[in-house]
1. May I ask you to work out the translational diffusion coefficient for the range 17-72 at 25 °C, viscosity 0.890 mPa s, via Stokes-Einstein with Rh from the Kirkwood sum over Cα pairs, reported in whole µm²/s?
2. Would you please give the FRET efficiency between GLU46 and LYS20, computed as 1/(1 + (r/R0)^6) with r the Cβ-Cβ distance and R0 = 30 Å, to the nearest 0.05?
Amino acid sequence: MAARSGWAAINQVKGHPPLKPSGHQAGFQTGVAAFTATLAELYNRENGNLPDAVDISMLEVLVSTLSPALLQFQYQGESRSRHRTGFPFGPVP
């Protein structure tokens, strides 16, 4: 999932292969998104609206976490450097 979403491409030291994300980051982030969507639907129902279905995609969640890099490329034509670390460049050196 990290390769498909683009996470693996930005998490590496220059000149080395991409790094695997630590732990279960994809699952944790998807769980938070599902929890938030469920709370929003419960709030919606409490206010007298009909509930909607909640559909969460792990790939879409991971791509959304990479959105600053995608927007930077789209509007500035610059891709993120792979050798910079820290927010918003990547969680690992």
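Every number in this text was worked out from the coordinates using simple rules, so none of it is lab data. All values reported here derive from a predicted model rather than from experimental measurement. All Cβ positions, glycine included, derive from the backbone under ideal geometry; neighbour counts span all protein chains shown.
1. 186 µm²/s
2. Computed FRET efficiency for GLU46 and LYS20: 0.15.
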